Amino acid sequence: MYAEVIINSNAKDLNRIFDYIVPNCMENTIKIGARVFVPFGKGSKLADGFVINFKDESEFANKEIAKIEIENSLTEDNIILAKLMARKYFCNISDCIKLMLPPGTSSKEINNRVKEKTGNFVFLNKQVDEIEILIEERKIKRDTHIKVLRFLEKNDGVYISDLETVTEVSKAVFKTLEKNGYIKIVEKQIERNPFVNKKIEKDNPKKLTEEQQKCFDGINFCIQNNEFSKNLIYGITGSGKTEIYMQLIGKILEKEKDAIMLVPEISLTPQMVDRFLARFGDVVAVLHSKLSDGERYDEWQNIASGKKKIVIGARSAIFAPVKNLGIIIIDEEHDMSYKAENTPRYNAKDLAKYIAEKNSCPLVLGSATPDITTMQSAKENEITLYTLKNRANKAKLPIVDIVDMRNELAIGNRSMISFKLQDEINKNLEKKKQTILFLNRRGYSTFIMCRDCGYVAKCKNCNISLTYHMSENKLKCHYCGYERSTIKECPECQSKKVKYFGTGTQKLENEVHKLFPNVSTIRMDLDTVTKKNSHEEILNKFKNENVDILIGTQMIVKGHHFPNVTLVGVVSADNSLNMDDYRAVERTFQTLVQVSGRAGREENGNVIIQTYNPDHYAIIEAQKQDYDLFYNQEISLRKMLKYPPFYDIILISFSGKNLNQIKNISNLVHKRLLSVQNDNMSIYKPVPSPVDKIQNNYRWRIIIKSSKVTSKVLDIINYAINDEKIKKSKEVKITVDINPNTMN
């Protein structure tokens, strides 16, 4: 018997199958998905890989598989999915396989990977009554011995270090007690529990409203009948979507099945986890990148063993090793974070549909501002649509006002905060209520320019202006991380007239303290959430310590429930509106509606939107919080301009150090595309990317519009990028992205 093996490597040259002889001793244990170690290349070093198929004959196999690692093997379903992903997302099969492995086990450095953490635990080796008799008969005399034994009578099986701390005795005491047969010391796995410091009060299911009940009943019917269905819960902010999710998962647990719940932001995960822990207890697992490697490894193993039945996490949690899947829920389904920006460039929503269908279970998408493509599918009856038009606690949506910042300039207000917003903040402070100020740009100033010669301080690695961060007094590149000290005079003309332009969250925080000297503020952006659990700490501090004003970027926009927030201020609604992307308008509308939804969750709320484009339909419909009206306007434009959902956009990107080489390769790919294109494709000429240099790599792109990305279209692209001349140009990196998050 022969095995077809994919070597675990990022090298494109190794993205192919290698045949190996299966030794007789392995024939009964080896399976598709097995992780194996094989002799590969020169020398005696073994390479790790995965079995993707078997066959009876091979003219290439001349080496045997050296060993199998059962512990970190995959299933046949995993291998099938990895093959599909590799084809659709133009990457190596091994790139996809790595997503499905336990954290810490994808590296070739097998000896350094994350493993179970073990420790010594102390147990009584005799019955409690017997211990008491021995103490009474003075056969156990020492106070330290009695102290340890009495503690173990009430707390048997204690980690030895904890027991040493609590009883204040030395390890020599434990050795003596063990030698005399009174206790036994056992090595056991220590579970690295990310919830160890959480104090959660038990929560019970709430009575559903009529709208919620209709939604619950429809999806529960599919659960009870083990049917695949694709469902969209389109509910306004505060309409109780999470309660529906939890009650549906309750039905899944009754059927002894598992659930996967995806959330878009790591900052949302702690709040969601708290609600699920309160309802379901210790069957909840969490998977996201802010956990330590050890915590993620233990959570993964708990899911695989069936100990944890509910998985909550960001995009990659879709690969969690659940055994008996009963439902997949994707909250805030419109969020762009469900699409990976690095290889493999997968869309978690597409994979969720495939996995749910394979497991004959419902897929539930939820949002107050659904993705235009998702809503179009619902309108065409490809998705079952459930609508929640009212807030679950009968609270009203906030009143939204628009402030034209052009008028503020005309009346002499040079502040970032309009007079109306200043007035509303003052009123909120007087009422002891909280305020959220949203500005989707971190740092202090977005660029520095010389007013004499026009010089702009740029990154030395990227063709992008540096952002000033006042707290560190540094200029930073938000693309590659390069930083340098700030400048006081122009390096080109030596002028002292260097001015800081634009605004960021740091500058906004300074402005707030100038206008309101006695207020307490807290800031949440990428600069303040670098440490583990910092998301949760900031949100808990704002909520529990009644901080007056929370200032933040997009991570404060979605899903959070702050009962005391009655005012939201959008400092600049135009930042996302002016992006060079066909979805800029949609994202602006979604962001404004979502951030508005943080106000007035339990009391009447107000929202102030500051803008230089008060007549834009995205701003106007966001003020009305009318998704349907916005959708009708946006979908007609998409159809006219041949954008998704009517056409797919394929972005072929070229990057490398040698600009001429990039031009030549991109032109060659373009020529090959034109030679085989079909009538459903529009292929545009190679041009520099909008950000044409990042980390000293020049960047060019080809854009393709296709009425549908069919198997034939995938074949055409694969043909175009796999020419021998292109393969030899290893200095040029080619990536293919279908419906990318950004057109940059």
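Under the simplified labelling scheme, the PHE646-GLU178 pair shows an inter-label distance of 7.5 nm, with each label point 7 Å from Cα along Cα→Cβ.
Within the set LYS202/LYS255; LYS642/LYS712; LYS55/LYS353; LYS358/LYS639; LYS431/LYS543, which residue pairs have Cα atoms separated by over 24 Å?
Numbers: LYS202/LYS255 22 Å; LYS642/LYS712 20 Å; LYS55/LYS353 31 Å; LYS358/LYS639 32 Å; LYS431/LYS543 16 Å.
In this structure, LYS55/LYS353; LYS358/LYS639 lie more than 24 Å apart at Cα.
Taking the charge dipole of the chain about its Cα centre, with +1 at Lys and Arg Cβ atoms and -1 at Asp and Glu Cβ atoms, the residue from ALA317, SER666, ILE652 reaching farthest to the positive side is SER666.
I want the antiparallel fraction of DSSP beta bridges within region 210-388, as a percent rounded to 5.
Just about 5 percent of them are antiparallel.
The slack between SER292 and ASP404, meaning 0.36 nm per residue of separation minus the straight C-alpha distance, is 35.7 nm.
My understanding is that a pair violates if its Cα-Cα distance is over 21 Å; which of LYS147/LYS175; LYS241/LYS432; LYS657/LYS733; LYS671/LYS730 do that in this structure? Could the numbers behind the result be given before it?
Numbers: LYS147/LYS175 15 Å; LYS241/LYS432 29 Å; LYS657/LYS733 10 Å; LYS671/LYS730 19 Å.
Violating the 21 Å Cα-Cα cut-off are LYS241/LYS432.
Among the GluC sites (Glu not before Pro) in region 312-412, those located in a DSSP loop and surrounded by at most 13 other Cβ atoms within 10 Å of their own Cβ are GLU341, GLU380, GLU382.
Rounded to the nearest 20 Debye, what is the dipole magnitude of region 2-112 about its Cα centre when Lys and Arg each give +1 and Asp and Glu each give -1 at the C-beta?
It comes to approximately 420 debye.
Note that region 713-727 has calculated 3J(HN,Hα) couplings of 5, 4, 4, 4, 5, 4, 4, 5, 9, 10, 5, 4, 4, 5, 4 Hz, one per residue in order, obtained from phi through the Karplus relation 6.51 cos²θ - 1.76 cosθ + 1.60 (θ = phi - 60°); glycine and proline are x.
The simple Förster model, with R0 at 60 Å and r as the Cβ-Cβ distance, assigns LYS727 and VAL519 a FRET efficiency of 0.50. The GluC sites (Glu not before Pro) found in region 563-626 that occupy coil by DSSP, while having at most 16 further C-beta atoms within 10 Å, are GLU602, GLU603. In sequence order, region 13-22 has phi-based couplings of 4, 9, 7, 8, 8, 10, 8, 9, 6, 8 Hz under the Karplus curve 6.51 cos²θ - 1.76 cosθ + 1.60, θ = phi - 60°, and Gly or Pro positions carry x. By the Cβ distance rule of under 4.7 Å, the chain has these cysteines without a partner: CYS25, CYS91, CYS96, CYS215, CYS222, CYS361, CYS480. With θ taken as phi - 60° and the Karplus curve 6.51 cos²θ - 1.76 cosθ + 1.60 applied, the whole-hertz 3J(HN,Hα) list for region 626-635 is 10, 5, 4, 5, 4, 4, 4, 6, 5, 5 Hz, x standing for glycine and proline.
Charges only on Cβ, +1 for Lys and Arg, -1 for Asp and Glu: so what's the dipole of region 210-388 about the Cα centre, in debye to the nearest 20? Numbers along the way, then the final one.
Numbers: 21 positive and 25 negative charges, 72 e Å.
Dipole magnitude for region 210-388 comes out near 340 debye.
Here the contact order of region 648-738, divided by its residue count and restricted to Cα pairs under 8 Å and six or more residues apart, works out to 48 percent.
The candidate values were (i) 26.8, 79; (ii) 25.3, 79; (iii) 29.6, 97; the one computed from these coordinates for Rg and Dmax of the Cα atoms in Å carries the label (iii).
Listed cross-link partners LYS458/LYS497; LYS433/LYS541; LYS126/LYS188; LYS207/LYS257 are compared with a 22 Å cut-off, the Cα-Cα value being larger for LYS207/LYS257.
Under 5 Å between amide hydrogens, built in the peptide plane, is the criterion, and for ILE183 it picks out ASN125, GLU178 among residues at least 5 positions away or on other chains.
Each residue, ARG414 and THR530, gets one label point 7 Å from its Cα in the Cβ direction; the gap between the two is 3.3 nm.
Normalised by the number of residues in the chain, the average gap of Cα pairs under 8 Å and 6 or more apart makes the relative contact order 10 percent. Bridging of LYS420 to aspartates and glutamates at a Cα separation below 14 Å is possible for ASP401, ASP404, GLU408, once same-chain residues fewer than 8 apart are set aside.
Hey, what did region 210-388 get for relative contact order, percent, Cα under 8 Å, at least 6 apart? List each step's numbers first, then the result.
Numbers: 321 pairs, mean separation 63.5, N = 179.
Taking the mean separation of contacting Cα pairs over the length of region 210-388, I get 35 percent.
Counting 0.36 nm for each residue step from ASN667 to GLU483 and taking away their Cα separation leaves a gain of 62.8 nm. You can think of it this way: the chain between SER675 and LYS460 has 73.5 nm of extra reach, that is 0.36 nm per residue less the Cα-Cα gap. Taking the helices alone, the chain has a mean residue ellipticity at 222 nm of -10000 deg cm²/dmol, built from -39,500 (n - 2.57) per DSSP H run of at least 4 residues and averaged over all its residues.
Separation of region 277-318 and region 330-353, taken as the distance between their Cα centroids, equals 19 angstrom.
Bear in mind these aren't lab numbers, they're just calculated from the coordinates by the rules spelled out. Everything quoted here is computed from the prediction, not taken from an experiment. Cβ atoms come from the backbone with ideal geometry, glycine included; neighbour counts cover every protein chain shown.
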